[in-house]
Amino acid sequence: MLQQRRRRLRRRFGPEYERLVNDRDNRGEAEQELRARQRWVATLDITPLTPESRQTYAEQWTRLQERFVDAPGPAVTEADELVTTVMAERGYPTEDFEQQLSDLSVVHGRTLHHYRQAHEISARAAPGEASTEDLRQAMVHYRVLFQELLDDGDEHHSHPSPAGHEQPAITDDSQQW
């Protein structure tokens, strides 16, 4: 039974399971925390976006990517703000970054490392310690979670662009956005 519960947690949290196990004193403590996260998130009113909201946010992201060319630092800051806005509209608490990570891990554990990396680069961007390539990587990382939040975690991982054409998801760091 313990092995079954462990497999379910691994499947649900993906890489976040291993990250937490490595961060804690023991596996049981990490698994207890993951179950507590599940119970907490179950109390939240997490809802999908309306089709209109999805379209509006997709258009905002497209404009944000266009601004990146001329102002990469501010665009990364705006990407962080846009992801947070989408999270809030979906029903996730957004006051504390660590709590955001914890809450998102329950549904988006497989892509959470992208959000961590993007946030870390964004923090370095403010004092000018991030290169343009770092900032580009941050945008790629933000987009992975952004798309999941828009798509409600759908397996399709694509959504219409403002012109109505399908836009492929960015699933790894080597693809262009």
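The values are calculated or read from the model by the stated rules, or taken from the named source; none is laboratory data. Here the structure is a predicted model, which means the values were calculated and not measured. Glycine gets a Cβ as well: all are built from the backbone with ideal geometry, and neighbour counts include every protein chain shown.
Overview of values
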| read-out | value |
| --- | --- |
| Helices (runs of 4 or more DSSP H) fully within the stretch 52-156 counting 3 or more residues that are more than 30 Å from LEU9 (Cβ to Cβ) | 72-90, 132-151 |
| Members of the stretch 14-31 found to be surrounded by 12 or more Cβ atoms within 10 Å (Cβ to Cβ) and among the acidic types (Asp, Glu), listed by number | GLU16, GLU18, GLU29, GLU31 |
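Matching residues to (1) surrounded by 15 or more Cβ atoms within 10 Å (Cβ to Cβ); (2) touching a residue at least 24 places away in the same chain (Cβ under 8 Å); (3) assigned by TED's automatic domain parsing to the domain that holds GLN32:
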site: TRP61; (1), (2), (3): yes, yes, no
site: TYR92; (1), (2), (3): yes, yes, no
site: GLU95; (1), (2), (3): no, no, no
site: ASP103; (1), (2), (3): yes, yes, no
site: ALA125; (1), (2), (3): yes, yes, no
site: GLU129; (1), (2), (3): no, no, no
site: HIS141; (1), (2), (3): yes, yes, no
site: GLN147; (1), (2), (3): yes, no, no
